Amino acid sequence: MACSKELFGTLENGAKLTKYILTNEHGLKASFTDLGAIWLEMYVPDKNGKFSDVVLGFDAPEKYLDQDVHFGEIVGRNANRIGTATCTIDGITYALVINDNGVNNLHSGPDFLRNRIWDAEVSETEEGTKITFSLFSPDGDQNYPAMPISVSATP
């Protein structure tokens with residue numbers, strides 16, 4: 001399993017974004033970016049062996065930031081709605097950010113995790129090359145308690 005990196009784009013604030021590409025010995029290819037740990041592409045063969053990208057997405061980071069769609073992204077601490085925008089964790093009730101129909105919390109709030117640059121670590125495991133994206137969400141972030149968030153990709 002091979003991993004390569006390339007520039008995915010540059011944000012208005014000058015932050016450079018990286019595209020990580022995993023490729024196996026059969027030509028299967030998956031790519032991800034440190035912007036929101038977004039899954040960008042997945043090239044798989046059809047019945048005739050022709051490779052095509054089967055992941056919906058965009059070719060530029062600005063498109064991810066400017067859309068209401070959630071293609072390939074980690075949508076938040078919750079994926080869906082929390083009714084009345086309140087939840088109880090370890091006996092503490094949290095009033096979450098309201099961003100859906102004036103009463104609910106949708107995908108953890110309007111400051112989506114896809115809009116943040118995640119740390120990325122490429123490592124070798126028994127299964128092959130692995131990319132782990134991690135982000136620390138501080139206490140009070142979208143009214144939640146502090147929490148480390150981590151996702152990994154190993155095709």
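Every number here is computed from the coordinates shown, using simple stated rules; none is lab data. Please read these numbers as outputs of a predicted model, since none were measured by experiment. Counting neighbours? That spans all protein chains shown, and the Cβs are built from the backbone with ideal geometry, glycine included.
Suppose a student asked you for the relative contact order of the chain, using Cα pairs under 8 Å spaced at least 6 residues apart; what percent would you report?
That works out to 17 percent.
List the residues whose amide H sits under 5 Å from the amide H of Thr18, counting only those 5 or more places along or on another chain, with H placed 1.01 Å from N in the peptide plane.
For Thr18, the qualifying residues are Phe8, Asp34, Leu35.
Tell me what the chain gives for mean residue ellipticity at 222 nm when only DSSP H runs of n ≥ 4 count, each as -39,500 (n - 2.57), the sum divided by the residue total, rounded to 500 deg cm²/dmol.
It lands at -500 deg cm²/dmol.
Can you run phi through the Karplus equation (6.51, -1.76, 1.60; θ = phi - 60°) for the stretch 78-84 and list ³J(HN,Hα) in whole Hz, with x for Gly and Pro?
With the stated coefficients, the stretch 78-84 comes to 10, 10, 2, 10, 10, x, 6 Hz.
Gain in length, Asp46 to Asp139, computed as 0.36 nm per residue apart minus the alpha-carbon separation, to one decimal in nm?
28.9 nm
How much length, in nm to one decimal, is gained on full extension between Gln67 and Arg116, taken as 0.36 nm per residue of separation minus their Cα-Cα distance?
16.2 nm
For all pairs of alpha-carbon atoms in the stretch 2-153, what percent lies in each bin of width 5 Å, listed from the first bin to the last filled one?
2, 9, 16, 18, 18, 14, 10, 7, 4, 2, 0, 0
Could you run the Karplus curve 6.51 cos²θ - 1.76 cosθ + 1.60 with θ = phi - 60° over the stretch 125-142 and give me ³J(HN,Hα) per residue in whole Hz, x for Gly and Pro?
10, 4, 7, x, 6, 10, 10, 10, 9, 9, 8, 9, 9, x, 4, x, 4, 6
Considering only Cα-Cα distances, which of the following residue pairs are longer than 18 Å: Lys29/Lys130; Lys50/Lys130; Lys29/Lys50; Lys5/Lys130; Lys5/Lys50?
Where the Cα-Cα span goes over 18 Å, the pairs concerned are Lys50/Lys130; Lys5/Lys50.
At most 12 other Cβ atoms within 10 Å plus a DSSP loop assignment makes a site exposed; report the longest stretch of the chain without any exposed GluC sites (Glu not before Pro).
Result, exposed sites excluded: 26-125.
Which of the trypsin sites (Lys or Arg not before Pro) found in the stretch 19-66 are in a DSSP loop and have at most 11 neighbouring Cβ atoms, other than their own, within 10 Å?
Passing sites in the stretch 19-66 are Lys47, Lys50.
Which FRET efficiency value, to the nearest 0.05, do you get for Lys5 and Ile89 by plugging their Cβ-Cβ distance into 1/(1 + (r/R0)^6) with R0 = 30 Å?
Efficiency for this residue pair is about 0.25.
Using modelled amide H (1.01 Å from N, peptide plane; none on Pro or chain starts), what sits under 5 Å from the amide H of Ile38, excluding residues fewer than 5 places away?
Those qualifying (amide H under 5 Å, at least 5 residues apart or on another chain) are Thr33.
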